[in-house]
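Below is one structure; the comments refer to it alone.
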Amino acid sequence: MTESVPQQSRQSAADEWLRTLPCRIGQIFVDRTAEGAFALRHRDDVNREDLAVYRDAEAAVAIAQYDDAGVYRPLKTAPNLRHGWSLMLADVTAVRVALDLFYPGRIPAYVAWRRGTLKTTPLRETLERQTGMYRVTAKITDEQANELVGSFCRSDGGCLRTIRWDRDIQGAPPSTLLPETKFDPAHDQMGKGEPVIPLLCQEPCNLLVAEARKVVKGSAE
Ligand code: SF4
């Protein structure tokens, strides 16, 4: 399914997010220094001056890998990006590289959504195309899926993405346990009420599929 957006929103969005600095994407704050460089940091660290400074976009790999407690982050859009760093980058290309390392594929998804070309895939379709050990996930019941998505994808402790997919091709909601704001690209999923570039979720991720397998296997035992 391809999403449609209001006509007025179908404007060139490729670098719109950089023309209106400062901006926020997920947990990251992007601004420009007096010298014209781009400065990225954790949104919680905007007023800190004791940050470790990095100047290479590739530093985002290491920054994004572990949370504040040193625990590996399998889901890059989980709300546990570590604090205490600043990434100073010379140009837009470097900013794009860094953001794609922090949040893989999220800027292209946002641009596609603004253009009205973001393709979404329902949960049922994702599960039905699984093979091998994940084939069993297609057996998850609607009630189990409702509970799983409501727990696993929630923004407070789960994932900061804004869900754009449905549960099935009939358009059932992914979960009735999530607030309406979980599906609203204008909502700040960090709960700070600030304008944000949303981290859109156009199809259920592999981690959710893996959780669905546990649910189905668990109910079969
Ligand atoms: S399915 Fe989407 S919203 Fe849910 S955890 Fe995965 S990436 Fe996040």
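The values are calculated or read from the model by the stated rules, or taken from the named source; none is laboratory data. Treat the numbers as computed from the prediction; the structure is a model and nothing was measured. Glycine also receives a Cβ, built like all others from the backbone with ideal geometry; neighbour counts cover every protein chain displayed.
A quick yes/no check of all residues on (1) touching a strand residue (DSSP E or B) at 6+ places or on another chain (Cβ under 7 Å); (2) more than 8 Å from the ligand (Cβ to nearest atom); (3) over 17 Å from Gly150 (Cβ atoms):
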position	(1), (2), (3)
Leu160	no, no, no
Ile163	yes, no, no
Gln170	no, yes, yes
Pro173	no, yes, no
Leu178	no, yes, no
Asp188	no, yes, yes
Glu203	no, no, yes
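Looking at Arg124, Arg82, Arg96, Arg48, can you tell me which residue is touching a helix residue (DSSP H, G or I) at 6+ places or on another chain (Cβ under 9 Å), basic (Lys, Arg) and outside any helix (DSSP H, G or I)?
After applying the criteria, what remains is Arg82.
Within the stretch 100-111, the set of residues being part of a helix (DSSP H, G or I) and surrounded by fewer than 16 Cβ atoms within 10 Å (Cβ to Cβ) comprises Asp100, Pro108.
To keep it simple, each residue is scored yes or no on (1) more than 30 Å from Trp85 (Cα to Cα); (2) among the hydrophobic types (A, V, I, L, M, F, W, C); (3) touching a residue at least 24 places away in the same chain (Cβ under 8 Å).
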position	(1), (2), (3)
Val97	no, yes, yes
Pro104	no, no, yes
Val111	no, yes, yes
Met133	yes, yes, yes
Glu143	yes, no, no
Leu148	yes, yes, yes
Ser155	no, no, yes
Leu160	no, yes, yes
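Screening Arg114 against (1) outside any helix (DSSP H, G or I); (2) more than 15 Å from the ligand (Cβ to nearest atom) leaves a single unmet condition, (1). For the stretch 112-123, state whether one or more residues are in contact with a strand residue (DSSP E or B) (Cβ under 6 Å, 6 or more places away or on another chain), buried (at least 20 other Cβ atoms within 10 Å of the Cβ) and more than 29 Å from Ala34 (Cα to Cα). Yes, there is a match, as at least one residue in the stretch 112-123 is in contact with a strand residue (DSSP E or B) (Cβ under 6 Å, 6 or more places away or on another chain), buried (at least 20 other Cβ atoms within 10 Å of the Cβ) and more than 29 Å from Ala34 (Cα to Cα). Yes or no: Met133 buried (at least 16 other Cβ atoms within 10 Å of the Cβ), over 20 Å from the mean Cα position of the chain (by Cα) and more than 13 Å from the ligand (Cβ to nearest atom)? No. Among the criteria (1) over 18 Å from the mean Cα position of the chain (by Cα); (2) more than 15 Å from the ligand (Cβ to nearest atom); (3) not hydrophobic (A, V, I, L, M, F, W, C), the one Arg213 does not fulfil is (2).
Within the set Gln189, Gln170, Gln144, the sole residue that is in a helix (DSSP H, G or I) and not assigned by TED's automatic domain parsing to the domain that holds Phe38 turns out to be Gln144.
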